[in-house]
1. For K107, K421, give the ranking by accessible area with the largest first, probe 1.4 Å.
2. How far apart, in nanometres, would the label points at K107 and M36 be if each is projected 7 angstrom from Cα along the Cα-to-Cβ direction?
3. Cα centroid distance between the stretch 345-361 and the stretch 23-47, in Å?
4. Once the Cβ-Cβ distance between R197 and L420 is put in as r, and R0 is 60 Å, what FRET efficiency do you end up with, to the nearest 0.05?
5. Which FRET efficiency, nearest 0.05, do S346 and T268 yield, Cβ-Cβ r, R0 60 Å?
6. Count neighbours as other Cβ atoms within 10 Å of each site's Cβ, and list the GluC sites (Glu not before Pro) in the stretch 331-427 that are DSSP loop with at most 16 such neighbours.
7. Students often check this: by mean Cβ neighbours within 10 Å, which of 315-324, 55-64 ranks highest, and how do the rest follow?
Amino acid sequence: MAKGDGHRIFGKQPTEHVLILASGDRVRHMTIRPWMTACCITFAALLTTAYLGATTYLVLRDDLIGAAMARQARIQYDYEDRISALRAQLDRITSRQLLDQQVVEQKVEQLLEQQNALFSRHGKLGSLLQRAEESGIAVPDAPASALQPELKEKQTSVTGGLKAIDRLLAQDGKAASGAKPGGVALQSGSIADRADRVFSKVTLSLKNIEQEQLRRIRSLADDAYRTADAMATIMRRTGVDVPDAASGKQAGMGGPFVEPLGINRFETSLTDLDTALNRLDAVREAAQKLPFGNPAPGREITSGFGNRIDPFLGRLALHAGVDFQADTGASVKSTGAGEVIAAGMSGGYGNMVEIDHGQGITTRYGHMSSILVSVGDRVEAGSVIGRAGSTGRSTGPHVHYEVRRDGDAVDPMRFLNAGLKLTTYMN
């Protein structure tokens, strides 16, 4: 009864499966649980799956290996193609850099040659600048002696530019040897741009130096020509013919025309400056020979050239010279360079000295108390030739001065006035 109630309350229990194993007299049994069944089924499924996977791998292995090898080969080929492209790019960039460097080096050599030429020209120009400065010829805005410091300053600037180019070339070499392929072109372009800027500055500086040299030479030559022309004009107004050598003319020149070998503006300018200075020197030399000086500097003129009342006869007579008031013993100076052709007593002149200055022009100095030169002596302008006095036909101590052209007396005041104008060009 109790058993029956139990079945109604808990329901029917599942049937248990028992596995019986008999071996001789021994009998064993094992109850098969549900979880054991599930484990067996799961293991069987795994084993089947593993078997099927292994079978599939064995069947498809060759295809998988071939596909993997083909993919690896494609990757390798792509990598090699990329390496080849990068190498070609690097070779092109390196070649371009080498060419650019060669061009830069050629430009540097040209700049150095131009620089050396400019400063070697300054060496040639130095003597002419010194000569022009000694002649009193200088550019108005800067004396000739100031040219050298300016050129030295510009030379320092040019040298600094060339050093900057050398540094750029060194940087370019380092960039070509150590930079990555992707960044070489940018670095090279940057350095090339910087080098071009430096080249432009250096070239401009060299051109400025050349223009400065040519400007100074041209200014000096023009100034020398103007001075020579002004002096020659003053001299011609006195009736003096300026010699051909002084006017820059050359006689006895000729020959067939032949094209010049080459035109060098600097050499032409130097030749022009040398010609101008030679002309100026010749004009000044002619002016020093001719009587443009004063026989008694600072002395008052007491009697001029021309007709006057003779102090002894009291009637009209020609006074052939100019009288300067002077104390006895005062210095009498030659008014120009020349040769003494007379020195001694000469009638109404008393103690008289006559000097030949060339071109048919002579000067006479009379009434001197003593004579300090002899016939045949060469005297320079301003040389003391005697002492003032009152010898000969004289009313008192003074200096009698005459200028004669081809033996005829001319007014000395024309030469004295011209000499005052020439003084500004002679000093």
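1. Accessible-area ranking of K107, K421, largest first: K421, K107.
2. If labels sit at K107 and M36, their model points lie 9.8 nm apart.
3. 169
4. Values: r = 59 Å, r/R0 = 0.98.
Working from the Cβ atoms, E equals 0.55.
5. Numbers: r = 55 Å, r/R0 = 0.92.
In this case the efficiency is close to 0.65.
6. E380
7. Details: 315-324: 16.8, 55-64: 9.7.
The most tightly packed comes first, giving 315-324, 55-64.
The values are calculated or read from the model by the stated rules, or taken from the named source; none is laboratory data. The structure presented is a predicted model; accordingly, all values stated were derived computationally and were not measured. Every residue, glycine as well, gets a Cβ built from its backbone with ideal geometry; the counts of neighbours run over all protein chains shown. Each accessible area value is taken on the protein alone, full model and side chains, heavy atoms only, with ligands, DNA and RNA left out. Shrake-Rupley method; radii C 1.70, N 1.55, O 1.52, S 1.80 Å.
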